[in-house]
Amino acid sequence: MRCVIEARASIVSLIAAAFWMCPALSAAQSFPVKPVRYVVPFGAGASPDIVARLLADKLTHLWGQQVIVDNRVGVAGVLGTAYVAKSPPDGHTLLQCNVASSAIAMSLFAKVPYDQVRDLAAVSRIGMTPNIVTIHPSMPFKTMRDLITYARRNPGKLSYASGLAGTSPQLSMELLKLVGNIDIVNIPYKIGAQGTSDNIAGQVPVGITNFPVSVAPVKAGRLRPLAVTSATRVSQLPDVPTVQESGFPGFDVNSWQGVCAPAGTPVALIDKLNADINGVLRLPDIKSRMEELVMVGPQTTREEFDQFIRAEIARWAKVIKDAGIPQQ
């Protein structure tokens, strides 16, 4: 009799669990029921925007609903990220999360209106790319060593264009300034592509951007590349050395991008988003284009991406502390 009662209790528990799971499963199966807002917390033409528009086009065709890229610029991606963190957790508002607003910001800024781990759910990592240091072709420097030597002899006379404070390019250069014992003035831009344009025009002699932003003008000879910030060289520009090869062992900085959703989004829906986004990234034309942009890296499950983000938050907290970068 006791076994019968226990068996019945188990069945009731299973039925109850299934009952509570049904709405989540139903939401995943019917998603999307309206246009999807894909928030990019950086401006048009920036590396996250370039990648987001590639994904948005494919996802629009896959889902049969318009995926609208919404550029919400401000405070190194913090404003756009905060908007998504406060959005309904139904999958219809997604975030192009990134190293700046999802990792660096957690330690660099005194007041961040969200907690990456608590308020956002990791969906999938899109890829990783190095930053690249460039100069206007009229500058006399041929190598990163030349730039460093000049900067040491002429403190404060050179300036460099970067994106917003707290972005991966800006942090890369600040670290280079620290380890190279140089003083180069930062000229920040709300949109990284504007800084690249001024670097091309010669208005700012030095630039540093995510690789996808500068690869075209570099190949066209409009900018001269000095070094990439990754530990290894990039296949698209195999003759460009790394910062490590330029005399700074251990220097390794990559910018990464991914997709996040508001915390509380049903797990079944996140799994669907993960599967669909990873499927798009495996399409031959998208894979080829991502390789051209040097936005590469193994695809992840939602759990793997979550652990990666947590590790990045810890890593950048240590870098900011060790480098003595003041909180903003």
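The values are calculated or read from the model by the stated rules, or taken from the named source; none is laboratory data. As the structure is a prediction and not an experimental result, all values here were calculated from the model. Counting neighbours? That spans all protein chains shown, and the Cβs are built from the backbone with ideal geometry, glycine included. Just the protein is used for accessible areas: all its heavy atoms, side chains included, with ligands, DNA and RNA removed. Shrake-Rupley method; radii C 1.70, N 1.55, O 1.52, S 1.80 Å.
Observations on the model:
- Shape of the chain, Cα gyration tensor, a/c cut at 1.5: prolate
- In order through the stretch 103-110: 3J(HN,Hα) via Karplus (6.51 cos²θ - 1.76 cosθ + 1.60), integer Hz, x for Gly, Pro: 9, 4, 4, 4, 10, 7, 9, 5
- Altogether, the Stokes-Einstein calculation at 37 °C and 0.692 mPa s, with the Kirkwood radius of the stretch 61-211 over Cα pairs as Rh, returns a diffusion coefficient of 191 µm²/s.
- Screening the chain for whole DSSP H helices of 30 Å or more along their axis (Cα) with average Kyte-Doolittle hydropathy at least 1.0 returns 2-30.
- Top of Ile68, Ile200, Ile309 by mean-square fluctuation, Gaussian network on the chain, Cα under 10 Å: Ile68
- Accessible-area composition of the chain, carbon plus sulfur, in percent [1.4 Å probe]: 58
- Packing-based ranking of 252-263, 94-105, 139-150 yields 94-105, 252-263, 139-150, ordered from highest to lowest mean Cβ neighbour count within 10 Å.
- Sequence-separation-based contact order of the chain, relative, with Cα cut under 8 Å and 6+ spacing, percent: 26
- Cα-based reach from Lys190 at 22 Å (exclusive), listing lysines while leaving out same-chain residues under 8 positions away: Lys111, Lys177
- Loop-located trypsin sites (Lys or Arg not before Pro) in the stretch 95-140 whose Cβ has at most 13 other Cβ within 10 Å (DSSP): Lys111
- Across the options Pro188, Ala85, Ala261, the greatest Cα extent toward the positive end of the charge dipole of the chain (unit charges at beta carbon of Lys, Arg, Asp, Glu) belongs to Pro188.
- Only lysines eight or more places from Lys219 in sequence, or on another chain, were considered; those with a Cα closer than 19 Å are Lys142.
- Heavy-atom surface of the chain, accessible at 1.4 Å and reported per residue (Å²): 44
- Inter-part distance where the stretch 213-287 and the stretch 295-328 are each reduced to a Cα centre, Å: 14
- Taking the chain as a Gaussian network of alpha-carbon nodes connected by springs under 10 Å, the highest mean-square fluctuation of the residues His136, His61, His92 belongs to His61.
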